[in-house]
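For reference, the structure discussed in these notes is given below.
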Amino acid sequence: MKPYQTTLLSSLLITSLSACQTQVKTSPTTDVVKLQQAALSSQLGYDLVESLTVEVGPRLAGSPKDIIAVNWAMNKLTSLGFDRVYKEPVQVPIWERGEANARIIAPVEQPLVITALGGSIATPSSGIQAQIARFDSLEALQQARPEMVEGKIAFIDQKTERHITGEGYGKSVGGRSKGAVVAAQKGAVAIVIRSIGTDHDRMAHTGVMRYQDGVPQIPAAAMSNPDADLVNALLKRDPNAILELYMSPKNLGFNTSYNVIAEVTGSSKPNEIVLISAHLDSWDEGTGAIDDGAGVAIVTAAAKHIQDLPIKPARTVRVVLYAAEEIGLMGGKAYAKAHKAELPLHYIAAESDFGAGRIYQIDTKVNESAFAAVQKALSPMSFNGVVLGNNQASGGPDVSMLPALGVPVASLRQDGHDYFDYHHTPNDTLDKIDPAALAQNVAAYAQFAYIMANSTTTLTPLIVSSTK
Ligand SMILES: [Zn+2]
């Protein structure tokens with residue numbers, strides 16, 4: 001091609017491109033491709049999770065660090081130039097971890113690595129010394145005769161299975177959340193569980209536990225997986241082995257935390273909302289990188305790429321960074337309550353709360369009559385490695401209550417094969433995040449939010465059958 005031809009062609013292209021830009025709206029498909037390119041070539045997601053984990057770090061709900069995290073989020077979202085940034089109060093309990101020590105004192109002395117479960121009471125200052133009543137699962141404890149448990153430390157020794165979906169967690173986590181109540185009902189003096197985790201590190205996994213009115217409160221802890229193996233092997237040699245437990249956590253009333261919210265205002269349906277979310281709080285032992293700094297970074301960066309488009313999508317894209325997910329979905333519940341009147345205007349909602357592994361599938365929970373149209377609309381996500389899945393999504397913990405309130409949800413499924421190696425441990429740190437995988441997540445959330453914010457399919461209200 002001769003130089004003048006190049007010039008001619010260029011000027012023709014420029015003329016036709018500018019004509020397109022001035023006279024014709026940018027094609028949504030083009031924008032979906034552009035969003036993917038922008039996200040995959042951007043550092044923003046990683047910069048955000050690095051900033052949160054380095055400049056704030058652990059941020060247990062109700063602690064002074066929680067408020068520092070809220071201020072971090074307000075400043076960060078404001079500096080990114082979103083159309084609106086605001087926060088809404090959430091009442092959260094204050095729990096301090098204190099110390100947690102355990103050792104076998106007979107027939108042989110063996111120190112053990114444990115951690116207190118979130119919400120647990122302390123042991124007496126002299127500790128607890130008792131025999132161990134071991135069970136394969138929460139169900140086995142539930143079926144045990146009280147005389148097997150009375151006066152002993154209950155030990156639920158259930159292994160968590162590794163799955164890409166994380167489904168092993170759902171099978172074992174009941175022992176953590178409900179074990180103390182069941183054990184106390186049978187007269188146990190404390191409960192220790194095998195960590196709900198898939199690793200073999202000598203590190204225990206914390207997580208929230210619950211008490212029940214009318215049932216005595218007993219101390220509750222998790223033991224590292226290698227220590228659970230050790231105790232199990234010791235009990236085979238001596239069923240009367242004695243465990244000593246000392247814990248000093250404190251429950252200290254309530255504090256005010258906040259859901260932090262940012263919006264890209266919709267161009268033609270600004271009152272309708274596509275909600276993408278994550279939780280800002282974390283456990284106190286790691287720096288909250290995969291749980292859930294990654295989610296905070298993914299949804300914030302995704303919305304920022306939409307904010308930067310020359311033409312905004314029809315609906316408002318709302319980013320919600322929830323308070324106090326870890327200790328009982330308190331931010332999610334507070335949001336659903338505070339926005340009750342506005343929920344019919346929520347077109348669809350999703351939460352990123354499963355680390356930073358690549359998204360391989362998108363599932364939805366929409367009315368069956370709309371499912372085919374939604375799948376068709378979402379099909380450009382396949383260029384980012386995301387296949388179209390089923391219509392049985394729950395949407396993530398903080399939005400899990402929304403389907404019953406008529407709001408459709410989506411679950412962007414991540415590769416979580418190693419998520420429960422690090423979850424709720426001191427090992428939840430930034431080095432576990434692959435920047436390229438994080439950027440793929442940002443691209444997927446940006447595409448999802450953009451497509452849904454422009455969708456012409458009627459989705460609301462979601463009709464959920466009460467039998468499901
Ligand atoms: Zn989480």
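The values are calculated or read from the model by the stated rules, or taken from the named source; none is laboratory data. Just so we're clear, the structure is a prediction, and the values are computed from it rather than from any experiment. Cβ atoms come from the backbone with ideal geometry, glycine included; neighbour counts cover every protein chain shown.
Could you list, in sequence order, the residues of the range 87-104 that are over 22 Å from the mean Cα position of the chain (by Cα) and exposed (fewer than 13 other Cβ atoms within 10 Å of the Cβ)?
Selection gives 99 alone.
Does the range 413-424 contain at least one residue that is more than 16 Å from the ligand (Cβ to nearest atom), over 20 Å from residue 36 (Cα atoms) and either assigned to a loop (DSSP other than H, G, I, E, B) or without any contact (Cβ under 8 Å) to a residue 24 or more places away in the chain (or both)?
Yes, the range 413-424 has at least one match.
One residue is enough: does the range 430-437 have a residue meeting the conditions under 29 Å from residue 265 (Cα atoms), in contact with a Phe, Trp or Tyr (Cβ under 6 Å, 6 or more places away or on another chain) and not charged (D, E, K, R)?
Within the range 430-437, one or more residues are under 29 Å from residue 265 (Cα atoms), in contact with a Phe, Trp or Tyr (Cβ under 6 Å, 6 or more places away or on another chain) and not charged (D, E, K, R).
How many residues does the range 34-86 hold that are crowded, with 22+ Cβ neighbours inside 10 Å, small (Gly, Ala, Ser) and in a helix (DSSP H, G or I)?
Final tally of qualifying residues: 4.
Would you mention how many residues in the range 261-280 are among the hydroxyl-bearing types (Ser, Thr, Tyr) and either assigned to a strand (DSSP E or B) or outside the structural domain of residue 438 (by TED's automatic domain parsing) (or both)?
Number of matching residues: 1.
Could you list all residues from the range 220-250 that are buried (at least 16 other Cβ atoms within 10 Å of the Cβ), of a type outside the set (A, V, I, L, M) and under 16 Å from residue 122 (Cα atoms)?
Within the range 220-250, 244, 246, 248, 249 qualify.
For the range 7-55, which residues satisfy the criterion of being in contact with a helix residue (DSSP H, G or I) (Cβ under 6 Å, 6 or more places away or on another chain) and at pLDDT below 95?
28, 32
State whether one or more residues within the range 353-365 are modelled with pLDDT of 95 or more, closer than 28 Å to residue 435 by Cα, basic (Lys, Arg) and not in a strand (DSSP E or B).
Checked the range 353-365: at least one residue is modelled with pLDDT of 95 or more, closer than 28 Å to residue 435 by Cα, basic (Lys, Arg) and not in a strand (DSSP E or B).
Inside the range 124-143, can you point out the residues that are in a loop (DSSP other than H, G, I, E, B) and either touching an Asp or Glu at 6+ places or on another chain (Cβ under 6 Å) or within 23 Å of residue 106 (Cβ to Cβ) (or both)?
Passing the criteria: 124, 125, 126, 127.
Just to be sure, is residue 352 of a type in the set (S, T, N, Q), under 30 Å from residue 425 (Cα atoms) and either in contact (Cβ under 8 Å) with a residue 60 or more places away in the chain or buried (at least 24 other Cβ atoms within 10 Å of the Cβ) (or both)?
Considered against the rule, which asks whether it is of a type in the set (S, T, N, Q), under 30 Å from residue 425 (Cα atoms) and either in contact (Cβ under 8 Å) with a residue 60 or more places away in the chain or buried (at least 24 other Cβ atoms within 10 Å of the Cβ) (or both), residue 352 comes out as yes.
Please find, within the range 328-340, the residue that is modelled with the lowest pLDDT out of those that are away from the ligand (no atom under 11 Å from the Cβ) and assigned to a loop (DSSP other than H, G, I, E, B).
328
Scan the range 281-290 residue by residue and report those that are surrounded by fewer than 24 Cβ atoms within 10 Å (Cβ to Cβ) and either within 11 Å of the ligand (Cβ to nearest atom) or not assigned by TED's automatic domain parsing to the domain that holds residue 329 (or both).
none
Does residue 206 satisfy being among the polar types (S, T, N, Q), more than 26 Å from residue 94 (Cβ to Cβ), assigned by TED's automatic domain parsing to the domain that holds residue 124 and modelled with pLDDT of 95 or more?
When the stated conditions are applied, residue 206 does not pass them.
Which residues, counting only those in the range 210-234, are under 15 Å from residue 155 (Cβ atoms) and among the hydroxyl-bearing types (Ser, Thr, Tyr)?
Residue satisfying the conditions is 224 alone.
Could you please find all residues in the range 358-394 being free of Cβ contacts under 8 Å to residues at least 24 places away in the same chain and either acidic (Asp, Glu) or not assigned by TED's automatic domain parsing to the domain that holds residue 35 (or both)?
368, the sole residue that qualifies.
Just for the range 260-280: of the residues that are surrounded by fewer than 24 Cβ atoms within 10 Å (Cβ to Cβ) and either of a type in the set (Gly, Ala, Ser) or without any contact (Cβ under 8 Å) to a residue 40 or more places away in the chain (or both), which one is farthest from residue 47 (Cα to Cα)?
Step by step, filter the range 260-280, then rank; the result is 268.
Within the range 306-316, identify whether any single residue is more than 14 Å from the ligand (Cβ to nearest atom), assigned to a strand (DSSP E or B) and closer than 20 Å to residue 412 by Cβ, and answer yes or no.
Scanning the range 306-316, I find at least one residue that is more than 14 Å from the ligand (Cβ to nearest atom), assigned to a strand (DSSP E or B) and closer than 20 Å to residue 412 by Cβ, so the answer is yes.
Are any residues in the range 375-410 in a helix (DSSP H, G or I), farther than 16 Å from residue 461 by Cα and either away from the ligand (no atom under 16 Å from the Cβ) or not acidic (Asp, Glu) (or both), and if so, which ones?
375, 376, 377, 378, 379, 380, 381, 382, 383, 384, 397
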